[in-house]
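Heads up: the structure comes next, in structure tokens.
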Amino acid sequence: MATTERDRNELVTRARGAMRNAYAEYSGFRVGAALLTEDGTVFEGCNVENSSYGLTMCAERNAVFQAVAHGSTKFRSIAITSDDAGFLSPCGACCQVLAEFNPGLEVILTNASGKKKVTSLHKLFPVPPDLKKLSRRNPQSKK
């Protein structure tokens, strides 16, 4: 099922709402994400910083983890917004997590002025590592 323009606008609105909840005490850089599942459910996430930056969690991964915690693993689209003037692409860690579930995921990037750019995870992260191919559980990996 394709993501409609109405769906995209709703995702952007939800991502902006999530961004308001960001815990960005150190950088002041707030990010929000809204993830649309195949069944039409939306899960939101915001960045949560920590004084030990390595423990900081991005908005995109927070949205994915919320979805998985509720039993959803099939995703159609994600909107990512920040209060920055430019378009914010997901970081490498977020790209890897998103690719685990849908390497061709539609990605909607928005900026502080509300401009929107629609792309795909495949374009942003064209060759994600796939450890499933190396798994001992995968019979093809023994060839």
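What pairs come out if I take residues in the stretch 1-21 that are farther than 20 Å from residue 38 by Cβ and pair them with residues that are buried (at least 16 other Cβ atoms within 10 Å of the Cβ) and hydroxyl-bearing (Ser, Thr, Tyr) whose C-beta lies under 6 Å away, six or more apart or interchain? Listed pairs, sorted by first residue: 16/81; 19/81.
Looking only at the stretch 15-41, residues that are under 21 Å from residue 86 (Cβ atoms) and charged (D, E, K, R) come to 3 in all.
So that you can scan it fast, the table gives a plain yes or no per residue for (1) under 17 Å from residue 108 (Cβ atoms); (2) surrounded by 19 or more Cβ atoms within 10 Å (Cβ to Cβ):
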{"site": "39", "(1), (2)": "no, no"}
{"site": "70", "(1), (2)": "no, no"}
{"site": "74", "(1), (2)": "no, no"}
{"site": "77", "(1), (2)": "yes, yes"}
{"site": "83", "(1), (2)": "yes, no"}
{"site": "87", "(1), (2)": "yes, no"}
{"site": "92", "(1), (2)": "no, no"}
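You will find that of 62, 47, the residue that is surrounded by 12 or more Cβ atoms within 10 Å (Cβ to Cβ), touching a helix residue (DSSP H, G or I) at 6+ places or on another chain (Cβ under 6 Å), within 20 Å of residue 20 (Cβ to Cβ) and in contact (Cβ under 8 Å) with a residue 24 or more places away in the chain is 47 and no other.
Taken together, the values in this text are just the output of simple stated rules run on the coordinates, not laboratory data. Values in this document were obtained by computation on a predicted structure and should not be read as measured data. Every residue, glycine as well, gets a Cβ built from its backbone with ideal geometry; the counts of neighbours run over all protein chains shown.
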